[in-house]
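For reference, the structure discussed in these notes is given below.
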Ligand code: ADP
């Protein structure tokens, strides 16, 4: 069975992330969306909230699961037996950091392949931070996130 892990902050999940997840689900037998607990970042949503939102949004997709992890992504990949690590690429600005991470991960776990999927054109400018900023100022985010996320953002910023 070909297992892929898609790690990220997902604070919160956007339509750009969802597009990558569904495309990965066509390529792999199982996709595990892994919410990373990065103590250096100050998230808006807790790990539990992010996992719960993702589980609800991804419930219709039977080969997609949601988990969370702390520490190195490669350790999580080893634990679940993943062959591939999925990352989404938006602009050139993503490239340098992603390239660095992919090369580091290759050193740490040579048998793990990082697979980059290019962002869909209409989502190539979309990020969780942009969505949060927009929601904070009362802007409409319904074309960028699933309805559940829109509702949760409204509750947070009420
Ligand atoms: P991280 O903190 O690991 O970058 P993110 O939740 O910001 O977590 O992103 C997770 C992954 O999804 C990254 O590979 C990122 O480049 C990708 N990604 C984020 N937004 C989009 C988007 N709009 N379209 C495609 N990929 C995206």
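Values quoted throughout were computed directly from the atomic coordinates according to the rules given, and no laboratory measurement underlies them. Being a predicted model, the structure only gives us computed values, none of them experimental. Reconstructed Cβ throughout: ideal geometry from the backbone, glycine too, with neighbour counts over all protein chains shown.
Percent antiparallel among DSSP beta bridges with both residues in the stretch 3-123, to the nearest 5?
0
Could you grab the relative contact order for the chain? Cα pairs under 8 Å, six or more apart, rounded to a whole percent.
With pairs under 8 Å counted, the relative contact order is 28 percent.
For the residues 79, 152, what sequence is obtained by ranking on other C-beta atoms within 10 Å, fewest first?
79, 152
If only Cα atoms are counted, what is the Rg of the chain, and what is its Dmax, in Å?
Considering the chain through its Cα atoms, Rg and Dmax are 15.2, 47 Å.
Mind running the shape call on the stretch 28-73? Use the C-alpha gyration tensor, a ≥ b ≥ c as the square roots of the eigenvalues: rounded below 1.5 for a/c, prolate if a/b tops b/c, oblate otherwise.
Cα axes put the stretch 28-73 in the oblate bin.
Can you compute the label reach from residue 94? Point 7 Å from Cα along the Cβ direction, backbone N cut-off under 17 Å, restricted to the stretch 111-140.
Only 114-132 fall inside the zone, counting backbone N under 17 Å.
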